[in-house]
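A.B. asks: The structure follows.
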Amino acid sequence: MALYAIGDVQGCYDSLQQLLDRIRFNPGHDRLWFTGDLVNRGPRSADVVRFVAGLGDRAVAVLGNHDLHLLASVATGSSPAPEDTFNDILFASDSEYLLSWIASRPLIHRDPPSGYALVHAGLLAQWSVDDAVRLAGEVEAILRGTKSGEFLKHMYGDFPDCWNDGISGMDRWRLIVNGFTRLRFCYPDGRMDFCCNGPPGSQSHPVLPWFQIPARRSRGERIVFGHWSLLGCWNADGVIGVDTGCLWGRQLTAVRLDVEPPEFVSVPCPASRK
């Protein structure tokens, strides 16, 4: 039985099927983890969600920022932006099911048997993995409850940008979501930076990749993430990055996690965005 984590698919259904053929995925025995952003910007978001949902307990998908963007668009009743490509979900005959399934995804998946935790973007420096699971549960309960619409209407924003246990209400939940789904670089004190998105080394001083913050409390844990297409495949600092920019015409990548060292497998992708 193999365990694979797959980077951001973002509606690129055909590339996903090519990758699964390449790794000889057997749904009767193997398991798939998805780093989030199943939808948007690619051509077949609805088909991706139907496929992953249809795998049942053979697949785990965490929420990404584009998945939440879709839910927020529905909650606010706003028209999709020109670059959004999730109308196939909004106007599908099974739209209600697809949206409900997305909203029920976790922000973090922790798997003690494998020793890995799966997130979309990262973990704030002040969080241990235990903290992250607990805090994710706060937001997951909101997204699955009667207050989901109100939260999604107030989800966007860059502040607060540094964790403090005393933060409450919408500010707290927004900060939790930003940590899980938007994080790339941080200041040494743990404040998030939302300006830099290039590869490590391209950033302005003194920010660092979130996983290189010296005081990061999740050090010693094995974390798999996506979101950062310009980072590409990364296996260092106790973390594995697996977003390789399929959407931009680069690659879609899977990493096999039940072997040592983890094995990366990629397929080339046609560009859905330029």
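The values are calculated or read from the model by the stated rules, or taken from the named source; none is laboratory data. For clarity, every value in this text was computed on a predicted model and none was experimentally measured. Heads up, the Cβs are rebuilt from the backbone with ideal geometry, glycines too, and the neighbour counts pull from every protein chain shown.
A.B. asks: Would you confirm, using the coordinates I've provided, whether R174 is of a type outside the set (S, T, Y), in a loop (DSSP other than H, G, I, E, B), closer than 19 Å to W127 by Cα and modelled with pLDDT of 95 or more? Write out each step before concluding.
C.D. replies: Values: of a type outside the set (S, T, Y): yes; in a loop (DSSP other than H, G, I, E, B): no; closer than 19 Å to W127 by Cα: yes; modelled with pLDDT of 95 or more: yes.
For R174, the condition - of a type outside the set (S, T, Y), in a loop (DSSP other than H, G, I, E, B), closer than 19 Å to W127 by Cα and modelled with pLDDT of 95 or more - is not met.
A.B. asks: Which of the residues belonging to segment 116-135 are of a type in the set (V, I, T) and surrounded by 24 or more Cβ atoms within 10 Å (Cβ to Cβ)?
C.D. replies: Within segment 116-135, just V119 meets the criteria.
A.B. asks: Exactly one condition in (1) surrounded by fewer than 19 Cβ atoms within 10 Å (Cβ to Cβ); (2) within 18 Å of H66 (Cα to Cα); (3) over 15 Å from the mean Cα position of the chain (by Cα) is not met by R182; state its number.
C.D. replies: (3)
A.B. asks: I need the full set of residues from segment 245-274 which are acidic (D, E) and within 15 Å of C233 (Cβ to Cβ), in order please.
C.D. replies: Answer for segment 245-274, where residues must be acidic (D, E) and within 15 Å of C233 (Cβ to Cβ): just E263.
A.B. asks: Counting only residues that are of a type in the set (G, A, S) and more than 18 Å from G190 (Cα to Cα), which one in segment 219-237 is surrounded by the fewest Cβ atoms within 10 Å (Cβ to Cβ)?
C.D. replies: Filtering segment 219-237 for residues of a type in the set (G, A, S) gives 220, 226, 229, 232, 236.
In the following step, the residues that additionally are more than 18 Å from G190 (Cα to Cα) were identified as 226, 229, 232, 236.
Numbers: G226: 29, S229: 21, G232: 18, A236: 11.
Checking each candidate, the answer is A236.
A.B. asks: Is there any pair linking a residue in segment 59-81 that is buried (at least 18 other Cβ atoms within 10 Å of the Cβ) to one that is assigned to a loop (DSSP other than H, G, I, E, B) and β-branched (V, I, T), with Cβ under 9 Å and at least six apart or on different chains, and which?
C.D. replies: Listed by first residue and then by second, the contacts come to A61/T35; V62/T35; G64/T35; G64/V39; H66/V39; D67/V39; H69/V39; L70/V39.
A.B. asks: Where residues in segment 1-44 are farther than 13 Å from T253 by Cα and charged (D, E, K, R), which of them is surrounded by the most Cβ atoms within 10 Å (Cβ to Cβ)?
C.D. replies: Ranking the qualifying residues of segment 1-44, first place goes to D37.
A.B. asks: Could you pull out the residue among R216, R250 that is within 20 Å of G64 (Cβ to Cβ), crowded, with 17+ Cβ neighbours inside 10 Å and either among the charged types (D, E, K, R) or touching a helix residue (DSSP H, G or I) at 6+ places or on another chain (Cβ under 8 Å) (or both)? It would help to see each step written out before you state the result.
C.D. replies: On the way: R216 fails: within 20 Å of G64 (Cβ to Cβ).
The match here is R250.
A.B. asks: Only one of these conditions is not met by H29: (1) at negative phi; (2) part of a loop (DSSP other than H, G, I, E, B); (3) touching a residue at least 60 places away in the same chain (Cβ under 8 Å); (4) not aliphatic (A, V, I, L, M). Which number is it?
C.D. replies: Condition (3) is where H29 drops out.
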